[in-house]
1. Tell me yes or no: at least one residue of region 91-98 is within 25 Å of Phe183 (Cβ to Cβ) and buried (at least 16 other Cβ atoms within 10 Å of the Cβ).
2. So which residues in region 29-53 are of a type in the set (Gly, Ala, Ser) and touching a Gly at 6+ places or on another chain (Cβ under 9 Å), if there are any at all?
3. Failed condition for Val219, given (1) without any contact (Cβ under 8 Å) to a residue 60 or more places away in the chain; (2) surrounded by 17 or more Cβ atoms within 10 Å (Cβ to Cβ); (3) touching a strand residue (DSSP E or B) at 6+ places or on another chain (Cβ under 8 Å); (4) not aromatic (Phe, Trp, Tyr), with all others met?
4. Taking region 90-101 on its own, how many of its residues are in contact (Cβ under 8 Å) with a residue 12 or more places away in the chain, in a loop (DSSP other than H, G, I, E, B) and closer than 26 Å to Val50 by Cα?
5. Looking at region 125-149, which of the residues that are in a loop (DSSP other than H, G, I, E, B) and closer than 22 Å to Glu63 by Cβ is nearest to ligand 1 (Cβ to nearest atom)?
6. I'd like to know if region 206-213 contains one or more residues that are outside any helix (DSSP H, G or I), within 21 Å of Gly372 (Cα to Cα) and more than 12 Å from ligand 2 (Cβ to nearest atom).
7. For region 53-81, which positions are charged (D, E, K, R) and over 30 Å from Asp398 (Cα atoms)?
8. Do the conditions hold for Gly110, that is, is it in a loop (DSSP other than H, G, I, E, B), away from ligand 1 (no atom under 13 Å from the Cβ) and small (Gly, Ala, Ser)?
Amino acid sequence: MEQKLFDHLQRRLRYTETRSAPPRGFPDFPTIHPGRYYDPDYAELEQTHVFRKSWMVAGHKDEIPEPGCYKTWNRAGEPVVLFHGQDGEIRAFYNVCRHRGAVITEKEFGRTRTLACAYHGWIYDNQGKLVSIRDQRDFPDFDPNCYSLVPIRTEMLGGLIFVNFDDNATDLRSSMGPIYDDFAGDYSFHLSNVVEHFAWPTQCNWKLLIEGGTENYHVRTIHRNTLPDYRELQGIITLFPNGGSRDTLLMHVPKDENGLAMEGFVRNRDADRLIDNQADDRPANPNVDPFSNEHGFVYSVFPNMQFGPFYSRGFSLSCYWPTGLGTAIHEYYILGYDRSGGPKSKFWDRDIAQGRAVLQEDLDYINMVQRGIVSRGNKGVKLGYLEARLYHMNQTLDEKIGREKIKPELLVEPVINSDWIYPNDISRYEADMDRIDAELDQAAQ
Ligand code: FES
Ligand SMILES: [Fe+2]
């Protein structure tokens, strides 16, 4: 991390813990209409203009490690097959036969050089090429080269396989912006591997899931037993272009020049223990910098991903998938930095158990939110400053859909202007902190 940003974040953290109001000039959020969580037209617009046009995680290379391995994937409303080709490249295709459109296979994982469509047996190789059809004499002048599987744009970030159904979308790096460089750099995604992967069905709109992950306001209440050390925690909020955002949390108390814990910070004993405990045999990310070791970073990546918190041993990734108006899937990966292929460290068991317990609490409450959000007693969603990432995500959703296509009562007012989007936000916060310092100086005189 650059020294300038490091200094800014250190200062911001102090400010975050002592501030008595949102930064001066930060917008107040108008009430959001609850119909955004149950209106079928809005859900349709999300599918057409967001899920069909955004980069999304379809899997990890560890799931299809060898040439010939494949995975079928249906989470984003289209049948997809991810193939590890004989040439070593990972590609995504529509899992749709070029003969009469049957889904070629419903098997979740497999390994093969060629894949035969179950209906009439047209055969494709693991690079998507049609290699043979039965009774070719009945298809005169047939050119198999014109009947390869239809490719879907695919990009790798570390081992993560991103897909995008939109051929005209910008590349993954431009779409993620500064977040991409953090992931490819300090967090060394290329060194990480899948430690755990599971998916939970939920009884709520998908947005409630990602929104639950983009604020810490609920931690002190619903996670008070599972995350007791996070009780007083407030994060540094950073809003990125294109709907992404970051929370920077203090995980480990900074030391002063004498090696003593600096005062004024809430201590996270659990993170201290993890970092200090020499018995923890999990390999650490070799590129993690001291700041990242003391802080937890949680990122939202538009539209449906939540990465982190990151720490030296690993990080988590949640993907939230709509399956209906009031149902969704919460998919969860834990990634570590152990590519040895040996047995998993027992320290992961503790982390996984804690992750599951925390997620279960989130799901229990979010399912309850869904029941209230569709009630006639719900007069709207009122957000505070700590929920700015959530508002930013919703404001971006409307922009990506096209505001003119949305029922007027469902629109969120675009009150977050570019002043509060990274990197412009740095000078806004610096100005606010300078003002507070000046006021304190004056009061002390
Ligand atoms: S639909 Fe696939 S071979 Fe006929
Ligand atoms: Fe939570």
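The values are calculated or read from the model by the stated rules, or taken from the named source; none is laboratory data. As the structure is a computational prediction, the values presented were derived from the model and not from experiment. All Cβ positions, glycine included, derive from the backbone under ideal geometry; neighbour counts span all protein chains shown.
1. Start the filter on region 91-98 by keeping residues that are within 25 Å of Phe183 (Cβ to Cβ), which leaves 91-92.
Pick out the ones that are also buried (at least 16 other Cβ atoms within 10 Å of the Cβ) and you get 91-92.
Taking every residue of region 91-98 in turn, at least one turns out to be within 25 Å of Phe183 (Cβ to Cβ) and buried (at least 16 other Cβ atoms within 10 Å of the Cβ).
2. Ala43 - this is the single residue of region 29-53 that is of a type in the set (Gly, Ala, Ser) and touching a Gly at 6+ places or on another chain (Cβ under 9 Å).
3. Every listed condition holds for Val219 apart from (3).
4. The total comes to 2.
5. Per the criteria, the residue is Leu149.
6. no
7. Result: Lys61, Asp62, Glu63, Glu66, Lys71.
8. no
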